[in-house]
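The values are calculated or read from the model by the stated rules, or taken from the named source; none is laboratory data. None of the values given here were measured: they were computed from a predicted structure. Virtual Cβ from ideal backbone geometry, glycine too; neighbours counted across all protein chains shown. To get the accessible areas, we keep the full protein, side chains included, count just its heavy atoms, and leave off ligands, DNA and RNA. Shrake-Rupley method; radii C 1.70, N 1.55, O 1.52, S 1.80 Å.
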Amino acid sequence: METVSQAERYAQAGTILKNVQYSGAWNTYRVPFVYAANGRDYVPQLEIKSGIWFRDVRSPTNHGRAVQEFHSPETLLAMLEHNEQAANQRLHAEPFDYLSDKKGLGLREYQVRGIQAIERTLEQGHRSVLLAMATGTGKTRLAIGLCYRLIKSKRFRRILFLVDRSLLGTQAMDRFNDVRLEDFQTFGNIYHVADLEAKTPDDDTKLHFATVQGLVRRLFSSESEEKTLPIDAYDCIIVDEAHRGYTLDKEVADDEAYFRTLDDYTSQYRRVLEYFDAVRIGLTATPALHTAQIFGHPVFHYSYRQAVVDGVLIDHEPPYNILTELNSVGIKWERGENAEAFQQTTGEVVELGALPDELTIEIDGFNKRVITENFNRTVCKELVKYFDPDDKQKTLIFCANDAHADLVVKLLKEEFLLAGIATDNRAIKKITGSVDDPQGETRLFTNERYPTIVATVDLLSTGVDVPSICNIVFLRRVKSRILYEQMLGRATRLCPDIGKTHFRVFDAVQLYQAMADVSAMKPVTSNTSKTFATLLAELGRIAEDDTSGKKAVAEEIAAKFHRVKRNLTPESKQAFEKAHGQTPEAFFTELTTKGERECSPQEMATRLLKVASHLTSFDERLSTAALTMISHHQDSVLEVRRGYGKKNGEKPEDYLEHFKKFLADNINAVPALAIVCQRPAELTRETLRELHIALGDAGFSANAIQTAWNEAKNNEAKSNAGKGMNDEIVEDIIAYIRTLALGEPLQSYADRVQRAVQRIKSEKQWNAVQLKWLDRIAQQMQTQLTLTRESFDREPFKAEGGFTRLNSIFTNELEIVINRIHDTMFKQAS
């Protein structure tokens, strides 16, 4: 804003006012802070021409920024006393050792790098930062360490921790109050933390938890009697689960009904962030388009694939695709067939009589547009074969809506009983926003033996950590990549207590295959169940100068009309045309035409309100739009098929053949692959990590290759029954690569190490101490792959005297011995 320069000139003028005590001088400025305003309310789209502009002139690298209001005198004094440069220096000098201590917070190396990336960005003067880390890799733990460092170094005075659901806020707050930091004290022991119930922070509050919904009501609702927070209540906002881009598929919960659509949510969510004069830090597993628009692109990204390769998360096997008669061809009613439906608004079953036309509902409408108990029972009957309701391995089933979750719980209990398996009544439950105590039920699922099998809709799809989930079941289609990845992410966490090595995916709606090619998706949504009357009422309540709001609702009304126009009766269309001189189709075409004849938002609103009576009458004619068909079509399982490859449709033999071709085509193009095949003595953990990432980029994973190998060999064994086949099954990507690329017999890396060491032992007479160390070396090589001279000066050898002592034990021939083991490992097994 140009007037900021004018304010800066006044601050430099050198005019000394009588009876005014100046607190100092900053370069040529006698005043540390300057403001400029032109009387216009702040509008993001016209940022430089509206609002109040502020600049801290004490440093030439400080830039002006728009603020919603003037800062309070108390905040100005605090800002005057605050030295950001000194705080950055303290932050830079603050060690990480206590955050990495396994007895405390126990941050991993990548989490430390994530914090360092955020801090570097803040030091550069950026006020919006985004960090992306895969679900289950410890964003909350990272946030604890980050908050502690930012507050301890006095980089920030008070942090707002913003969540979109109370459950996530409570879960995060519990972590802040449980995890030990310095001197065995938690964040809550050291600093004052305000919980979700606190409407405003106290003077000594350093961290305040709040929901987006609560702040929107507090800040912008005319009905709220709560004290409005000043713009300087916080100087940093950390937003958990910052993506929030999957509402297209969500059931709207009570605490979310405050927002009309995702656009409304995103608008209000952004409005909250823009209200406070604070640095924004977003944390997400799945960056969405609007996330980058608010926070910028991630300054640090730790992907699911990297986490699996690093052993931080676990991978899943190829999915179990449950194919039935109905989900293969859809549910079809012939013309003239009698049908019935469920009336959602009244809760009654209505007879539709003979259908005038053929009706087919494809799989993406199952459990949404049609209630099909037979399909669900068939799937549940199959699932019973794979699950144990008393097992420590837990199962999460994603359903289409609350009623569907109830149905699945009922059918699973019945099918376990029919299978002769007694189940505790607590073992199979529904956990959605409608249950009596969602947070309590979620805690039971997380911490207790029961429930072991849970049906949910959206409540457990994001941000909830239950490491013992080993099975994910899809009984609903979703359209959003973000929600899909969040759903899969519920099972990626490690759980060594139950021996979890992978998780399984059971797909009865072909979701895994449908999402295979999706790489990005804009977050779009509309509550399609809203009536014309509701939308028109909203349009009438929008402020006269809110053109964007008017346009959004007007376009939603038009979109609703085009969705439902086929269901309107000829009589209702004729009545509209008689009253307004044009058909409703022509009216809406004219209303939304772009170009020279484009209607302004104000004109769109005016025209829609003029025809409101006829549009609301359409609601009565659309009673069938609230109908969910009821299917009594019989169903049965045709096949349960594992899906391989990017398209999830390859047979195991084909998948392995494609992998073999990939190896042949890329053995010299992928450096890590060349090392495995041509120079295996150079193998390192980093090489293996690069190999896994390269394979993943090409659509291959170690889990899928192993499963395909096992299945292909089982198929071969069946066709060669009685011929004495007995192929060894191993869990080693190196073994599969060398077998398929070089034709070597299948032999695991661990076996190669053991056989090589045994051969070395047999070549000469070793003393007892040397034999003991050969076994220790073999054990270490199974995890470290290769050993070098430098390896012996690190743990576990460092504590035993390192290279110098061990070299002495082997009469100064340790390097020769190690090279001999490496050379022997990959000679053709005899």
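Values for this structure:
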{"quantity": "Matching label, Cα extents along the principal axes in Å computed from the structure shown, candidates (1) 123, 79, 66; (2) 100, 92, 53; (3) 124, 89, 63", "calculated": "(2)"}
{"quantity": "Computed helical MRE - 222 nm, the chain, DSSP H runs ≥ 4 contributing -39500 (n - 2.57), nearest 500", "calculated": "-13000 deg cm²/dmol"}
{"quantity": "Partners for residue 103 among aspartates and glutamates (Cα-Cα distance below 20 Å; same-chain residues under 8 apart left out)", "calculated": "94, 174, 178, 182, 183, 497, 795"}
{"quantity": "Cα-centred dipole magnitude for the chain, charges only on beta-carbon of K, R (+1) and D, E (-1), debye, nearest 20", "calculated": "1860 debye"}
{"quantity": "Straight-distance crosslink candidates among aspartates and glutamates, where the alpha carbon sits under 18 Å from residue 332 and sequence neighbours closer than 8 are dropped", "calculated": "340, 351, 357, 358, 362, 364, 373, 635"}
{"quantity": "Accessible surface of the chain, 1.4 Å probe, proportion on carbon and sulfur as whole %", "calculated": "48 percent"}
{"quantity": "Protection proxy ranking, peptides 450-458, 59-67, average beta carbon neighbours within 10 Å, highest first", "calculated": "450-458, 59-67"}
{"quantity": "Surface per residue (accessible, 1.4 Å probe) for the chain, Å²", "calculated": "48 Å²"}
{"quantity": "Charge dipole (debye, nearest 20) of segment 408-479; +1 at Cβ of Lys and Arg, -1 at Cβ of Asp and Glu", "calculated": "260 debye"}
{"quantity": "Positive-end residue, the chain charge dipole about Cα centroid, Cβ charges, pick of 762, 118, 816", "calculated": "816"}
{"quantity": "Relative contact order (%) - segment 357-499, alpha-carbon pairs under 8 angstrom, separation at least six", "calculated": "29 percent"}
{"quantity": "Over 25 Å (Cα to Cα) - which of 368/651; 660/713; 479/660; 550/610 fall in this group", "calculated": "368/651; 479/660"}
{"quantity": "The chain, relative contact order [Cα under 8 Å, separation at least 6], %", "calculated": "11 percent"}
{"quantity": "Calculated Rg and Dmax of segment 30-145 using C-alpha coordinates, Å", "calculated": "18.5, 56"}
{"quantity": "Top positive-direction residue, dipole computed over the chain with Cβ charges, set 293, 453, 435", "calculated": "293"}
{"quantity": "Cross-link pairs 102/199; 49/206; 385/500; 199/430 - those with Cα-Cα distance over 26 Å", "calculated": "102/199; 49/206; 199/430"}
{"quantity": "Counting DSSP beta bridges with both ends in the chain, the antiparallel % (nearest 5)", "calculated": "40 percent"}
{"quantity": "Check: segment 58-193 dipole with +1 on Lys, Arg Cβ and -1 on Asp, Glu Cβ, in debye", "calculated": "240 debye"}
{"quantity": "Proximal charge balance of residue 140 [Cβ under 12 Å; K/R count +1, D/E count -1]", "calculated": "-2"}
{"quantity": "Charge context of residue 817, other residues only, Cβ under 15 angstrom, K/R +1, D/E -1", "calculated": "+3"}
{"quantity": "Listed residues 511, 316, 216: farthest to the positive end of the dipole of the chain (Cβ charges)", "calculated": "316"}
{"quantity": "Length-normalised contact order for segment 269-419 - Cα pairs under 8 Å, 6+ apart - percent", "calculated": "15 percent"}
{"quantity": "Protection proxy ranking of 90-97, 797-804, 468-475 - average other beta-carbon atoms within 10 Å, highest first", "calculated": "468-475, 797-804, 90-97"}
{"quantity": "Residue-count net charge about residue 62 - beta-carbon cut-off 10 Å; Lys, Arg +1, Asp, Glu -1", "calculated": "+1"}
{"quantity": "Euclidean distance between Cα centres, segment 776-830 to segment 389-415, Å", "calculated": "52 Å"}
{"quantity": "Peptide ranges 439-448, 298-307 listed from the most packed, as the mean C-beta count within 10 angstrom indicates", "calculated": "298-307, 439-448"}
